[in-house]
Amino acid sequence: MKVRYRATAGIALLAMAVAACGGGGGAAQKPNAEQSQQAQEQMSQTPGVSINPVPYEQVKDGGTLTLSVGQWPSQWNTYHVDGNQADTADMVDTILPQLMVADEEANYTPNPDFVTDVKNEVSGDKQVVTYTLNDKAVWSDGTPITWKDLEAAWKSNNGKNKKFKPASTDGWDRIESVAKGDTDKVAIVTYAKPYPEWQGQFSRSPFLHPAKFVETPEAFDKDYLQKIPVTAGPFKVEKIDEGTKTLTVVRDDKWWGKKAKLDKIIFRTIETPAAQVNAFANGELDGVEIPPGSPADLKRAKEVPDVDVRKALSPNWRHITVNNQSDFLKDKSVRQAVQYAINRDVITQSDLKDMDWPIQALNNHVFMNNHKGYADNAGDLGTYNLEKAKQLLDAAGWKQEGDYRKKDGKEFELSFVVPAGVPYAKTEGELTQAMLKEAGIKIAIRPVPDDKFFTDFIIKGDFDLVPFSWIGTPLPVGSLPQIYKTGSESNFPKASDPALDAAIEAAVSEMDPAKAFEKANAADKLIWDMVHTIPLYQRPDIQATKKTLANWGAFGYHWRDYTQVGFTG
C-alpha cells in the first residue's frame, strides 16, 4: 500500500509501504568500506528526476491516464492532520493551487498560473512576502482567488485556535498578519520572525484552499469530508466514487493556464503494491510505483512489454517511530536500548535487496544522503550493539527472566503496529521481533485495518513501534517543527525536550542556508539522543510506466505539471 504522510514546508507524508525479509538481529554485518563506497557511487549516478521529458508541442492531445493510490482518503483538506497523506496530495496535484513550485534541484520559483510576482523582503527582525495573484485565477465556482484565501490558511494553521487540527503549525505560527495590498489580488504576509522556508507555504501539501471552506473549525473538519467542494487547476472533479474508491478528474475548459494535454485522469485505489503491479501488467494502469522491499514486483514490472522503469532520488525516507509516551518507553535509556537492539543495516539490506537501489543506511533525520546538508549524526546510537542494549535494560530494572525481561512482575512487551494489507510491514515487524527478542523484549505484531492505520493508530498514539515513511519536500529544515517539536500534531511519539525545541527554533529562524544546515544538524543529534524515530534509509522513487507516457514518473524534488503530462503514441 502506498499510504504516506507528508511533511509541510517540509510537510512530510506518511507512507505505509514497508519491507523486509529474513535475517535476525546479528545475522547481517554492517556494510564494509567497499560496499559503502559502491552505494555512494550508485547514489551519485541516480538522477534527481526521471519523467521522460517531452516538449509540450510533441505530446498528443487527448487520452486518459490511469494511476493507482494505496489508500482512499476520507478527508480531502490538505491542511488537516487527517488529510496530510501523500496519496491525497498525488490526486489533488491536478486540481488545487500551488503558488510556488520546485525544480529537480529544490529551487523554488513562482507558479505563473497563480502568481505574477512574489517579493521577499527582510528588514530587521521581520520578513514581508508580497504575493501578486494572477488576475485570471479563480475557483471553479467562479469566486476569485484572493488574499483572503491566504489569510484563512494562516488562521486555520497557526495553532492559536485549538479547535483546528492542522498537520503542522510550522511557519504559520511565525506569521504576524496577512493583509490586503492595493487590491484583493495582492496578499502581504508579514512574519514576526524570519522564516527561511517560506516558499513551502501556500504550495504543495498544503495546497491553497478557498477561505470559506477552512475559515471555521467546523468547515475545516467537515467541508472536505468525502468531497472536494471546489477546484482551481487544469482539471476538475468529474466524480468521487466512494463505492469503488476512485477519483476521476477531467480537463477544465475554464482553466486560464496552458491547456492540459490529457482529457481525463483516473485514480484507482488498489491497496497492495503487488496488486498495483498486476494491474499495470494487465494494462489497467499507465504507471505504478514500485516500493522498497518489492523485488518480485520490480521484476514483474520489467517484464511488461514496452515498459520504462524511471528512478530518481527523492526527499522520502523510511523509519520506525518510537512512542515516547508508551508505558514501557517513557524512560529514554530504555528507548536507547531498543535503538541499540535494532540492526538497521539488516532491515536496510533486506528492504533494498534486488531493488536496483543503493543499499545505504540513513544517519540523519533531516537531510537525505544526497543532500548538501547531510551529515552522519548517528554516533554510537546508530550502531547495532546488543550488549549495550542489555546493559541499559539491566540498569533500568528490566531483568531477564526466561526468554523475556520483567520489572515489578510485568513482562516487557511492545506492540509493533502494521497495516494488515501490507505483507512487507508484517515481515519488517518479524525482523524487529527477532532482534528485540535477543535483548529480552517481546514484540507483539499488531495488524490493523489499512484505512485506519494513520487516523486511528498513528495519529492517536496507539502504538509502541510503528514503521512508515515520511515523504518530504525540497525544504527539509522546515519539517523539523512539524515532526519533532513539542506539541505538534505530527509529533506522533509525543516526544518533548526543551533543548531540542530551542535547537529547532534556531535552525528554522536562520536565514543563512549554510548556518541553517549546521543548526539543523545540531538539532538532529538531539533527536538521535531522545530516540524519537529510528531512521532506516532514503526511500527509492521507482516508477514503472508505459514508454509512451511523457512528463510523468519519478519526480524527486520536482513539481508535477499536469498540463504537460500525456502520451507520445
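Does A296 meet the test of being among the aliphatic types (A, V, I, L, M) and modelled with pLDDT under 95?
Details: among the aliphatic types (A, V, I, L, M): yes; modelled with pLDDT under 95: yes.
For A296, the condition - among the aliphatic types (A, V, I, L, M) and modelled with pLDDT under 95 - is met.
Considering only residues that are more than 15 Å from the chain's Cα centre (by Cα) and closer than 16 Å to K165 by Cα, look in the stretch 68-83 and name the one that is surrounded by the fewest Cβ atoms within 10 Å (Cβ to Cβ).
Per the criteria, the residue is S74.
Taking I542 and the conditions (1) in contact (Cβ under 8 Å) with a residue 24 or more places away in the chain; (2) out of contact with any helix residue (DSSP H, G or I) (no Cβ under 6 Å at 6 or more places or on another chain); (3) more than 30 Å from E430 (Cβ to Cβ); (4) not in a loop (DSSP other than H, G, I, E, B), which numbered condition does it fall short on, given that it satisfies the others?
(3)
In the stretch 348-446, which strands (runs of 3 or more DSSP E) lie fully inside it and hold 2 or more residues that are touching an Asp or Glu at 6+ places or on another chain (Cβ under 7 Å), at pLDDT below 90 and not hydroxyl-bearing (S, T, Y)?
On the way: elements: 399-401, 404-407, 413-419.
The strands (runs of 3 or more DSSP E) meeting that bar number zero.
Is it true that D331 is touching a Pro at 6+ places or on another chain (Cβ under 9 Å) and acidic (D, E)?
Details: touching a Pro at 6+ places or on another chain (Cβ under 9 Å): no; acidic (D, E): yes.
Judged against the criteria, D331 is not a match.
Which of the residues that make up the stretch 233-268 are touching a strand residue (DSSP E or B) at 6+ places or on another chain (Cβ under 7 Å) and farther than 15 Å from G63 by Cα?
K236, V237, E238, K239, I240, K245, T246, L247, R268
Of the residues that make up the stretch 204-220, is at least one in contact with a Lys or Arg (Cβ under 6 Å, 6 or more places away or on another chain), under 28 Å from V422 (Cβ atoms), modelled with pLDDT under 95 and of a type in the set (S, T, N, Q)?
First pass over the stretch 204-220, keeping only residues in contact with a Lys or Arg (Cβ under 6 Å, 6 or more places away or on another chain): 205, 211, 217.
Checking which are under 28 Å from V422 (Cβ atoms) leaves us with 205.
Then keep just the ones that are modelled with pLDDT under 95; that gives 205.
This time we only want the ones that are of a type in the set (S, T, N, Q), so: 205.
The answer is yes, given that some residue of the stretch 204-220 is in contact with a Lys or Arg (Cβ under 6 Å, 6 or more places away or on another chain), under 28 Å from V422 (Cβ atoms), modelled with pLDDT under 95 and of a type in the set (S, T, N, Q).
Quick one: count up the residues across the stretch 50-83 that are in a loop (DSSP other than H, G, I, E, B), in contact with a strand residue (DSSP E or B) (Cβ under 7 Å, 6 or more places away or on another chain) and either within 22 Å of G243 (Cα to Cα) or of a type in the set (V, I, T) (or both).
Of all residues in the stretch 50-83, those in a loop (DSSP other than H, G, I, E, B) come to 51-55, 59-63, 70-74, 76-79.
Pick out the ones that are also in contact with a strand residue (DSSP E or B) (Cβ under 7 Å, 6 or more places away or on another chain) and you get 51-52, 54, 59-60, 63, 71-74, 79.
Within this subset, residues satisfying the condition of being either within 22 Å of G243 (Cα to Cα) or of a type in the set (V, I, T) (or both) are 51, 54, 59, 71-74.
Final tally of qualifying residues: 7.
Restricting to the stretch 294-341, count the residues that are over 25 Å from the mean Cα position of the chain (by Cα) and among the β-branched types (V, I, T).
Going through the stretch 294-341 one residue at a time, the tally reaches 3.
Please pick out the residue among G478, G472 that is touching a residue at least 60 places away in the same chain (Cβ under 8 Å), touching an Asp or Glu at 6+ places or on another chain (Cβ under 9 Å), within 26 Å of P196 (Cα to Cα) and of a type outside the set (A, V, I, L, M, F, W, C).
Numbers: G472 fails: touching an Asp or Glu at 6+ places or on another chain (Cβ under 9 Å).
Step by step, each of G478, G472 is checked, and only G478 is touching a residue at least 60 places away in the same chain (Cβ under 8 Å), touching an Asp or Glu at 6+ places or on another chain (Cβ under 9 Å), within 26 Å of P196 (Cα to Cα) and of a type outside the set (A, V, I, L, M, F, W, C).
Residues to consider are K222, K239, K212; find the one that is of a type outside the set (D, E), in contact with a helix residue (DSSP H, G or I) (Cβ under 8 Å, 6 or more places away or on another chain) and farther than 16 Å from T88 by Cβ.
On the way: K222 fails: in contact with a helix residue (DSSP H, G or I) (Cβ under 8 Å, 6 or more places away or on another chain); K239 fails: in contact with a helix residue (DSSP H, G or I) (Cβ under 8 Å, 6 or more places away or on another chain).
That would be K212, the only listed residue that is of a type outside the set (D, E), in contact with a helix residue (DSSP H, G or I) (Cβ under 8 Å, 6 or more places away or on another chain) and farther than 16 Å from T88 by Cβ.
Going through the stretch 241-251 one residue at a time, which ones are under 24 Å from the mean Cα position of the chain (by Cα) and assigned to a strand (DSSP E or B)?
Going residue by residue through the stretch 241-251, those that are under 24 Å from the mean Cα position of the chain (by Cα) are 245-249.
Passing the criteria: T246, L247, T248, V249.
Condition (residue is closer than 30 Å to V304 by Cα, part of a loop (DSSP other than H, G, I, E, B) and without any contact (Cβ under 8 Å) to a residue 40 or more places away in the chain) applied to the stretch 205-227: is it met by at least one residue?
We begin by selecting, within the stretch 205-227, every residue closer than 30 Å to V304 by Cα; these are none.
Within the stretch 205-227, none of the residues are closer than 30 Å to V304 by Cα, part of a loop (DSSP other than H, G, I, E, B) and without any contact (Cβ under 8 Å) to a residue 40 or more places away in the chain.
Scan the stretch 428-454 and report the pairs whose first residue is at positive phi and whose second residue is surrounded by 22 or more Cβ atoms within 10 Å (Cβ to Cβ) and of a type outside the set (A, V, I, L, M), with Cβ atoms within less than 6 Å and a gap of 6+ or a chain change.
G440/R405
Just to check your reading of the model, which residue among D103, D149 is touching a residue at least 60 places away in the same chain (Cβ under 8 Å) and closer than 20 Å to D223 by Cα?
Values: D103 fails: closer than 20 Å to D223 by Cα.
Going through D103, D149 in turn, just one is touching a residue at least 60 places away in the same chain (Cβ under 8 Å) and closer than 20 Å to D223 by Cα: D149.
From the list V189, V118, V128, which residue is surrounded by fewer than 22 Cβ atoms within 10 Å (Cβ to Cβ), assigned to a strand (DSSP E or B), among the aliphatic types (A, V, I, L, M) and touching a residue at least 60 places away in the same chain (Cβ under 8 Å)? Explain how you work it out, then say what you get.
Details: V189 fails: surrounded by fewer than 22 Cβ atoms within 10 Å (Cβ to Cβ); V118 fails: touching a residue at least 60 places away in the same chain (Cβ under 8 Å).
Sole residue among the options that is surrounded by fewer than 22 Cβ atoms within 10 Å (Cβ to Cβ), assigned to a strand (DSSP E or B), among the aliphatic types (A, V, I, L, M) and touching a residue at least 60 places away in the same chain (Cβ under 8 Å): V128.
Output the residues belonging to the stretch 376-405 that are surrounded by fewer than 16 Cβ atoms within 10 Å (Cβ to Cβ) and among the charged types (D, E, K, R).
Within the stretch 376-405, D376, D380, E387, D394, K399, E401, D403 meet the criteria.
Please identify the pairs in which a residue from the stretch 299-318 that is free of Cβ contacts under 8 Å to residues at least 60 places away in the same chain has its Cβ atom under 8 Å from the Cβ atom of a residue that is surrounded by fewer than 18 Cβ atoms within 10 Å (Cβ to Cβ) and polar (S, T, N, Q), counting only partners at least 6 apart or on another chain.
Pairs that qualify, where the first residue is free of Cβ contacts under 8 Å to residues at least 60 places away in the same chain and the partner is surrounded by fewer than 18 Cβ atoms within 10 Å (Cβ to Cβ) and polar (S, T, N, Q), are R300/N278.
Give the residue, chosen from D512, D501, D561, D524, that is under 20 Å from Y374 (Cα atoms), of a type in the set (D, E) and surrounded by fewer than 24 Cβ atoms within 10 Å (Cβ to Cβ). Before you say what the answer is, go through the steps one by one.
Numbers: D501 fails: under 20 Å from Y374 (Cα atoms); D561 fails: under 20 Å from Y374 (Cα atoms); D524 fails: surrounded by fewer than 24 Cβ atoms within 10 Å (Cβ to Cβ).
Just a single option satisfies the conditions, and that option is D512.
The values are calculated or read from the model by the stated rules, or taken from the named source; none is laboratory data. Everything numeric in this text was worked out from a predicted model, so none of it was measured. Every residue, glycine as well, gets a Cβ built from its backbone with ideal geometry; the counts of neighbours run over all protein chains shown.
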